[in-house]
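The values are calculated or read from the model by the stated rules, or taken from the named source; none is laboratory data. Fair warning: this is a prediction, and the values are worked out from it, not measured in the lab. Neighbour counts are summed over all protein chains in view; Cβ atoms, including those assigned to glycine, are modelled from backbone coordinates with ideal geometry. These area figures cover heavy atoms from the full protein model, side chains too; ligands, DNA and RNA do not enter into them. Shrake-Rupley method; radii C 1.70, N 1.55, O 1.52, S 1.80 Å.
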Amino acid sequence: MSKFKQLYKPLLDNAQWETPLSLAIEGTAFGHWLLEPDSLSRRLQRHCDEFTVSLIEQKKIDSTMLSADERELIGDVDCLLRKVILMGDGQPWVFARTLIPLSTLTGQESDLEQLGEMPLGFRVFTDSSARRDALEVANTGTQAQPLWARRSRLWINNKPLLVAELFLEQAPVYSKERQC
């Protein structure tokens with residue numbers, strides 16, 4: 001799975017994040033995927049027979065490893081870095097990179113460090129306090145062959161996480177039919 005890190009991590013690192021409004025994605029065939037306010041994992045699960053998560057990497061990182069805009073969103077804090085591939089019927093659909101401040105991994109949220117190959121969205125969005133804000137999107141591909149990404153801050157019990165998701169070529173977001 002390290003090929004995913006080599007291929008897709010640079011795309012997220014170099015993404016030119018913009019507001020959904022500035023890219024006018026609302027009402028487009030793919031916009032409803034990028035604007036999904038709830039669990040992307042649950043939504044993807046509805047589009048396949050077998051939904052799985054492959055954990056690529058999980059480690060603690062120093063705050064100096066965060067970009068300036070990441071520090072603006074979650075603070076100048078040490079984090080747990082989690083990288084996964086979300087897969088539908090064996091096809092890689094989403095490369096996700098999550099930053100969880102170590103201060104978020106306290107109390108009830110200490111279990112976030114033990115997710116392994118369980119989708120983050122399955123855990124976060126079962127909590128009634130869960131919400132999403134600071135949603136940004138980017139086309140990391142070309143106009144002719146877009147490769148969409150989104151980044152948002154999730155909150156659980158008023159504790160932040162930062163999730164960046166790159167929708168890979170096989171993902172349902174690129175299906176010609178408008179799917180829920």
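What pairs come up if the first residue lies in the range 7-32 and is more than 16 Å from V173 (Cβ to Cβ) and open to solvent by 70 Å² or more (accessible area, probe 1.4 Å), the second is in a helix (DSSP H, G or I) and modelled with pLDDT of 85 or more, and their beta carbons are under 8 Å apart, counting only those six or more places apart or on different chains?
none
Within the range 151-166, is even one residue open to solvent by 50 Å² or more (accessible area, probe 1.4 Å), part of a loop (DSSP other than H, G, I, E, B) and touching an Asp or Glu at 6+ places or on another chain (Cβ under 8 Å)? Can you show your working first?
Initially, the range 151-166 is screened for residues open to solvent by 50 Å² or more (accessible area, probe 1.4 Å), giving 157-158.
Narrowing the set further to residues that are part of a loop (DSSP other than H, G, I, E, B) leaves 157-158.
If we keep only those that are touching an Asp or Glu at 6+ places or on another chain (Cβ under 8 Å) too, we end up with 157.
Within the range 151-166, one or more residues are open to solvent by 50 Å² or more (accessible area, probe 1.4 Å), part of a loop (DSSP other than H, G, I, E, B) and touching an Asp or Glu at 6+ places or on another chain (Cβ under 8 Å).
If the Cβ limit is 8 Å and pairs must be 6+ apart or interchain, which residue in the range 127-145 that is closer than 13 Å to P37 by Cα and outside any strand (DSSP E or B) pairs with which residue that is of a type in the set (A, V, I, L, M, F, W, C) and open to solvent by less than 40 Å² (accessible area, probe 1.4 Å)?
If the second residue must be of a type in the set (A, V, I, L, M, F, W, C) and open to solvent by less than 40 Å² (accessible area, probe 1.4 Å), the pairs left are A130/V124; A130/L154; A130/I156.
Could you tell me which residue of the range 123-150 is surrounded by the most Cβ atoms within 10 Å (Cβ to Cβ), considering only residues that are over 18 Å from G75 (Cβ atoms) and among the basic types (K, R)?
From the range 123-150, those over 18 Å from G75 (Cβ atoms) are 123-130, 135, 137-150; that's our starting set.
Still in the running and among the basic types (K, R): 123, 150.
On the way: R123: 18, R150: 25.
It comes out as R150.
Take the range 36-71 and flag every residue that is open to solvent by 80 Å² or more (accessible area, probe 1.4 Å) and in a strand (DSSP E or B).
Answer for the range 36-71, where residues must be open to solvent by 80 Å² or more (accessible area, probe 1.4 Å) and in a strand (DSSP E or B): K59, K60.
Scan the range 97-122 for residues that are loosely packed, with under 14 Cβ neighbours inside 10 Å and either in contact (Cβ under 8 Å) with a residue 60 or more places away in the chain or touching a strand residue (DSSP E or B) at 6+ places or on another chain (Cβ under 6 Å) (or both) and jot them down.
Initial filter on the range 97-122 (loosely packed, with under 14 Cβ neighbours inside 10 Å): 106-108, 110-111, 114, 116-117.
Correct list: G116, E117.
Quick check: anything in the range 104-112 on the phi < 0 side of the Ramachandran plot, at pLDDT 95 or above, under 15 Å from the mean Cα position of the chain (by Cα) and hydroxyl-bearing (S, T, Y)?
The answer is no; no qualifying residue exists.
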